[in-house]
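Quick notes on the structure that follows.
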Amino acid sequence: MKNLFLLLLALPSFLSCNSTVNKLFGGKDKTPHEIYAEKIEKVPAGKQWIEVSNNILLNTKAVQLPYKQLGYFPAGKPRALALEFTAQRGEQINFDLRSSVSTDPVVYADVFKDNAGTVDHIVSADEDSSHFSFDVEETGTYILRLQPQMETNVQYDLAIAAAPSLGFPVAGTKARVVSVWGDSRDNGARKHEGIDIAATRLTPAIAAADGYISSVKDGGLGGKTVNMKVKDRNLSLYYAHLDQQLVQEGQYVKKGDTIGLVGNTGNAKHSSPHLHFGIYTYGGAIDPLPFVNKINKSIPAPAAKDLTQQLQLTKAITIKDKEPVKASTVLIPLAVTATGYLVELADGTIIEAPFKSVKILSDKQG
C-alpha cells in the first residue's frame, strides 16, 4: 500500500514529462513550434515572437490552390506569415516547404482550421521532412502559418496543392465521371447520392484504399454491389452495377486491388456500363467526387525577384475595410508569387502588392 501511495504521488510529475505516457492517457504531443516557444518564452524577444505567432492568425492572406511562393524572412524583429485557403472534404492538401538552411527546422509550419473566430490545430511540418499533408475532414477555411526561428535570415520555397485522398475506383485512363452528386433521378423524385463513372464493360473496379469488404450482395437498385470499410477512416465505399464481384465478405483488400468488373446490373440494365460509386459515413451519404477527383491544375511558378531589398509603392493600394496604403510607402517583401509580392507594412499588416505598383529601393532589409 505504501508503494502504491508513493507511485500515485509521483504520477503527475511522470505524466508531465513523458510523451509516451501522455499519449496513453489522451495527452497531446507538443508541436515543434510549441517546443521552441517554451525555450524562448522567458526573454523579451521570445515573448514578442510568441505574440507575433498568435496575432498573425488574425492577419491572414487569402490564396487559391494550387499555390507557390518564394519566401524570405529577414533577421531582425520577429515575423510570421499566414496563408488562408479553402479546402473540400475528401481532398488531401499537400505542402512542400524547402528551406535554404538544411540543418534545423528554421521555418516552423503549422496548419489550423478556422472556425469562425477560433482556430484548431490540424498538423505541423515534421522536423525531418520537407513534405507534409492532411486529409480534409470538413469543408472550410484553413490557415498555414509560417514562422522562422529568431534572428535568422532564411529563404524558402513553398508549394501547396490539393489532391484526392482516395484512389480512383476504376482502372485505366479512359474511365470518366458522367454524373455527379445531386443530379436528378426518377424524374426529380430523388437525388443522385454518388457519382457514375463510365467505362467499358468488364473494366476492373478497384479498391480506392486499403480496407475490409463488409458486404457482397446481388439485387435491388444497385444490382451486383460491393461495400468496403476504409481502414482507419470513417468511410464506407459502395460499388454498384457490377457485372462480376471478385471479393468475399470479410476479405482484406489493398488499394488498387480488383474487387469487381464494371457492368450495368440492377436499375442500370438499360444504360451503358458504368460504376455507381458512393461514400457513406456514420452521418449518411456524402459527395464522393473530392475524394477521387483527378485534380490536374498547374501551379504558376513565382517570379524571379530579389527579396532582400526593400520596396516602395509607386501608387496607392486600396485594401478592403481599411485606409488605402499611400504611394511612397516603404514595404518589406516577405514572399513573391507569379503576380506580385506579399509585403509587410510598418504596423505588421501583410498585403499583396502587384509588380506594377512597386519599385525596388537600394537599401537592404533589416
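The values are calculated or read from the model by the stated rules, or taken from the named source; none is laboratory data. Just so it is clear, the structure is predicted and the values come from calculations on it, not from any experiment. Note that we place each Cβ from the backbone using ideal geometry, even for glycine, and neighbour counts take in every protein chain shown.
Of all positions in segment 77-95, at least one carries a residue that is touching a residue at least 40 places away in the same chain (Cβ under 8 Å), under 21 Å from SER130 (Cα atoms), surrounded by fewer than 18 Cβ atoms within 10 Å (Cβ to Cβ) and not charged (D, E, K, R). Residues that are part of a strand (DSSP E or B), more than 14 Å from ALA205 (Cβ to Cβ) and among the small types (Gly, Ala, Ser) within segment 253-286 comprise GLY284, ALA285, listed in sequence order.
When PRO302 is tested against (1) buried (at least 17 other Cβ atoms within 10 Å of the Cβ); (2) out of contact with any helix residue (DSSP H, G or I) (no Cβ under 8 Å at 6 or more places or on another chain); (3) under 30 Å from PRO169 (Cα atoms), only condition (3) is not met. Is it the case, given these coordinates, that GLN155 is modelled with pLDDT of 95 or more and farther than 25 Å from ASN267 by Cβ? No.
Within segment 119-133, not a single residue is over 18 Å from LEU334 (Cβ atoms) and in contact with a His (Cβ under 6 Å, 6 or more places away or on another chain). Is it the case that segment 103-121 has a residue that's among the polar types (S, T, N, Q), farther than 19 Å from LYS61 by Cα and outside the structural domain of ILE350 (by TED's automatic domain parsing)? Yes: segment 103-121 contains one or more residues that are among the polar types (S, T, N, Q), farther than 19 Å from LYS61 by Cα and outside the structural domain of ILE350 (by TED's automatic domain parsing).
Taking the criterion of being within 15 Å of TYR36 (Cβ to Cβ) and among the aromatic types (Phe, Trp, Tyr), the only residue of segment 83-141 that qualifies is TYR108.
Among the residues of segment 312-344, which ones are within 30 Å of the chain's Cα centre (by Cα), surrounded by 18 or more Cβ atoms within 10 Å (Cβ to Cβ) and in a loop (DSSP other than H, G, I, E, B)? Residue satisfying the conditions is THR337 alone. Number of residues in segment 198-211 that are within 26 Å of the chain's Cα centre (by Cα) and not in a loop (DSSP other than H, G, I, E, B): the value is 2.
Looking at VAL119, is it among the hydrophobic types (A, V, I, L, M, F, W, C), part of a strand (DSSP E or B) and crowded, with 17+ Cβ neighbours inside 10 Å? Considered against the rule, which asks whether it is among the hydrophobic types (A, V, I, L, M, F, W, C), part of a strand (DSSP E or B) and crowded, with 17+ Cβ neighbours inside 10 Å, VAL119 comes out as yes. Against the numbered list (1) more than 16 Å from SER271 (Cα to Cα); (2) of a type in the set (Lys, Arg); (3) at pLDDT below 95, ARG176 comes up short only at (1). Counting only residues that are over 19 Å from ALA62 (Cβ atoms), in a loop (DSSP other than H, G, I, E, B) and of a type in the set (S, T, N, Q), segment 122-161 holds 5 of them.
Of all residues in segment 304-317, those that are within 18 Å of ALA338 (Cα to Cα) and in contact (Cβ under 8 Å) with a residue 24 or more places away in the chain have Cβ atoms under 6 Å from Cβ atoms of residues that are of a type in the set (Phe, Trp, Tyr) and assigned to a strand (DSSP E or B), 6 or more apart or on another chain, in LEU307/TYR72. Within segment 162-174, being part of a loop (DSSP other than H, G, I, E, B) and touching a residue at least 12 places away in the same chain (Cβ under 8 Å) holds for SER165, LEU166, GLY167, PHE168, PRO169, ALA171, GLY172, LYS174.
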